[in-house]
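Student: If you scroll down you'll find the structure; I have some questions about it.
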Amino acid sequence: MKKFIAEFIGTLWLVLGGCGSAVLAAAFPEMGIGFLGVSLAFGLTVVTMAYGIGHISGCHLNPAVSIGLWVGGRFNGKDVFPYIIAQCMGAIAGAAILFLIASGKADFDIGNFAANGYGAHSPGGYSMTSAFFIEAVMTFIFLFVILGSTYTKAPRGFAGLAIGLCLTLIHLISIPVTNTSVNPARSTSQALFVSDWAIGQLWLFWLAPIIGAVIAGIVYKIISPEPTD
């Protein structure tokens with residue numbers, strides 16, 4: 001139970017910190033943090049939680065990560081579904097807190113609420129095909145870095161930093177295309193508050209990251225399997 005609570009809190013923080021920076025601070029008049037600040041915020045949520053709850057749950061914070069680690073032979077299959085439930089609940093709780101804060105502004109307009117989208121709802125107007133490929137590829141790279149930095153022979157103590165920096169870079173690349181998901185729980189939490197178009201496009205932000213994660217798990221298991229002794 002402790003590890004599921006840890007995943008709930010960690011994913012809550014990822015959504016509140018990452019999406020919160022996008023909703024509350026990205027375009028703040030004259031002092032907005034912009035894409036760079038939002039990218040750093042997402043990376044920092046992972047770094048802080050990696051050292052905060054990594055020893056409890058592994059700090060997945062992402063259904064695609066749990067699935068990819070399972071495929072790669074690094075995670076027990078019986079825990080995949082409970083982890084996904086905890087992550088989605090934590091993400092929704094984080095989005096709810098963010099909504100309560102953001103809606104306290106007199107002229108509040110939910111807008112896209114940092115939801116992920118393609119076509120007319122892509123920040124740069126990118127197509128569904130572009131969105132699918134960037135989400136799949138970025139998640140593949142994310143899992144590849146996670147699997148490598150947590151490998152038995154990898155330098156100890158640096159995995160959280162490597163993973164957080166990787167997520168920062170992923171956001172720097174892909175925010176203009178989809179607002180960056182690589183995390184179905186994060187996408188779901190924001191879509192539930194935006195409704196309509198965001199829920200209609202949510203399928204892509206589950207399917208593409210999971211495909212990317214599964215491929216990464218398979219590839220890394222082939223090229224660098226964990227020792228069995």
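The values are calculated or read from the model by the stated rules, or taken from the named source; none is laboratory data. Worth saying up front: this structure is predicted, and the values here are computed from it rather than measured. Cβ: placed from backbone, ideal geometry, glycine included. Neighbour counts: every protein chain shown. Keep in mind that these areas ignore ligands, DNA and RNA; they rest on the heavy atoms of the full protein, side chains included. Shrake-Rupley method; radii C 1.70, N 1.55, O 1.52, S 1.80 Å.
Student: What FRET efficiency would be calculated for the residue pair Tyr151, Lys78, taking the C-beta separation as r and a Förster radius of 25 Å, to the nearest 0.05? Mind dumping the intermediate values first?
Tutor: Numbers: r = 23 Å, r/R0 = 0.91.
About 0.65, to the nearest 0.05.
Student: Which angle between 0 and 90 degrees, to the nearest 10, do you get for helix 34-57 versus the longest principal axis of the chain when only C-alpha atoms count?
Tutor: Its long axis makes an angle of about 40 degrees.
Student: Something else about it: Can you compute the FRET efficiency between Ile199 and Ala106 using 1/(1 + (r/R0)^6), with r the Cβ-Cβ distance and R0 = 30 Å? Round to the nearest 0.05.
Tutor: About 0.60, to the nearest 0.05.
Student: If one computes P(r) from the Cα atoms of the chain, what percent of pairs lie at distances over 26 Å?
Tutor: Counting pairs separated by more than 26 Å, the tail of P(r) holds 30 percent.
Student: Counting only heavy atoms of protein chains, what accessible area per residue, in Å², does region 1-99 have with a probe of 1.4 Å?
Tutor: On the way: 4380 Å² over 99 residues.
Ligands and nucleic acids excluded, the figure is 44 Å² per residue.
Student: On to the next question. What nm value, rounded to one decimal, do you get for the distance between Leu169 and Ser224 when each label is placed 7 Å out toward the C-beta?
Tutor: The two pseudo-label positions are separated by 1.3 nm.
Student: Ignoring ligands, DNA and RNA, please state the percent of accessible area on region 117-162 from carbon and sulfur, probe 1.4 Å.
Tutor: Carbon-and-sulfur percentage of accessible area, whole number: 70.
Student: Sorted by accessible area with a 1.4 angstrom probe, largest first, how do Ile175, Ile101, Ile210 fall? Can you show the working numbers first?
Tutor: Values: Ile175 5, Ile101 95, Ile210 45 Å².
Largest accessible area first, the list is Ile101, Ile210, Ile175.
Student: Could you tell me how far the Cα centroid of region 37-81 sits from the Cα centroid of region 170-222, in Å?
Tutor: If you average the Cα positions of each part, the centres end up 15 Å apart.
Student: Given a 1.4 Å probe and the protein chains all in place, what does the accessible area of Trp13 round to, in Å² to the nearest 10?
Tutor: 100
Student: Using θ = phi - 60° and the Karplus form 6.51 cos²θ - 1.76 cosθ + 1.60, what ³J(HN,Hα) does each residue of region 201-218 get, whole Hz, x for Gly and Pro?
Tutor: Karplus values, whole Hz, x for Gly and Pro: 9, 4, 3, 5, 8, 9, 5, 4, x, 5, 4, x, 5, 4, 4, 4, x, 5.
Student: Moving to a separate point now. Between Leu100, Leu69, Leu40, which gets the highest mean-square fluctuation from a Gaussian network model of the chain, Cα cutoff 10 Å?
Tutor: In the Gaussian network model the winner is Leu100.
Student: Next question, about the same structure. Report the residue, chosen from Gly68, Gly160, Gly125, that carries the largest GNM mean-square fluctuation when the chain is represented by alpha-carbon nodes joined by springs under 10 Å.
Tutor: Gly125
Student: What lysines sit close enough to Lys3 to cross-link, taking a C-alpha to C-alpha distance under 29 Å and skipping anything fewer than 8 places away on the same chain?
Tutor: Output for Lys3: Lys78, Lys153, Lys221.
Student: Which of the chymotrypsin sites (Phe, Trp or Tyr not before Pro) found in region 145-223 are in a DSSP loop and have at most 15 neighbouring Cβ atoms, other than their own, within 10 Å?
Tutor: Passing sites in region 145-223 are Phe158, Trp203.
Student: Hey, got a sec? Which trypsin sites (Lys or Arg not before Pro) in region 49-142 land in a DSSP loop and have at most 10 other Cβ atoms within 10 Å?
Tutor: Passing both the DSSP loop test and the Cβ count: Lys105.
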